[in-house]
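Right, one structure below, let's go through it.
The values are calculated or read from the model by the stated rules, or taken from the named source; none is laboratory data. Note that the coordinates shown come from a computational prediction; the quantities given were computed from them, not determined experimentally. Virtual Cβ from ideal backbone geometry, glycine too; neighbours counted across all protein chains shown. We work out accessible area using only protein heavy atoms, side chains counted, and drop any ligands, DNA or RNA first. Shrake-Rupley method; radii C 1.70, N 1.55, O 1.52, S 1.80 Å.
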Amino acid sequence: MNLPNKLTMLRIIMIPVIIFVYYYNQNYLIMLILFIGASITDYLDGYIARKYDLVTNFGKLMDPLADKLLIMASLLLFIDAGVIATWIVIIILSREFLVSGIRLVAGASGKVIVASKLGKAKTFLTMLTVIILYFNMLLTGTVSLIGTWLIYLSLFLTVISGLEYGIKNKEIVFSER
């Protein structure tokens, strides 16, 4: 397993640690540090894979999945903490399942769908939003106005990028095979 793939796996391993910290003592400082560390691995694995030509099918599949799992775990914890509305997370989760489904169908026919620029922007913004939410919880125990706006902006970008995936890949979605 190459370094980028190890970084992706590290990101996945950090998820249960964040969950444990939340349920053990809700230490938002530790959760914030872990989430930022995991987010940095997202940047590093892609950078290293492209720079040193270490792109693999495993990485193409698992990197976006690791991002989704990391973000969704945090958003679900924020529901539990009363920080974010359930309906927002349901919409975000639905988009992630739909895009992953499109990727799986494409993969079954030998096609690999990589993340679009809009999808990458959505991931970056949502990670930034989660970082701000952890920071808000650490400092005040509530969500700031900036945190609230970032949640809605992330939701908007999530929906738009999901529509982009659907439109760009409609032949895969509506294929008879």
Estimated FRET transfer efficiency when R0 is 35 angstrom, pair S109-I36 (beta carbons, to 0.05): 0.40
Accessible-area order (highest first, 1.4 angstrom probe) of the listed residues T148, T142: T142, T148
Distance (nanometres) between label positions extended 7 Å along Cα→Cβ at L29 and I91: 3.5 nm
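At a 1.4 Å probe radius, carbon and sulfur cover how many percent of the accessible area of the chain? Provide the component values of the computation, followed by the final result.
Values: 7140 of 9910 Å².
Ligands and nucleic acids excluded, carbon and sulfur give 72 percent.
Whole number in Å², please: accessible area per residue of the range 74-125, 1.4 Å probe, ligands, DNA and RNA not counted.
On the way: 2750 Å² over 52 residues.
That works out to 53 Å² per residue.
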Cα-based reach from K111 at 20 Å (exclusive), listing lysines while leaving out same-chain residues under 8 positions away: K60, K120, K168, K170
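What size of dipole, in debye to the nearest 20, comes out for the chain about its Cα centre when the only charges are +1 on Lys and Arg C-beta atoms and -1 on Asp and Glu C-beta atoms? All intermediate terms of the calculation are to be shown ahead of the outcome.
Details: 15 positive and 10 negative charges, 86 e Å.
Using Cβ point charges on Lys, Arg, Asp and Glu, the chain gives about 420 debye.
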Segment N57-L145, extension gain: residue separation times 0.36 nm, minus the distance between their alpha carbons: 27.6 nm
Dipole of the chain, positive direction: furthest Cα of L76, V21, I90, with charges on the beta-carbon: I90
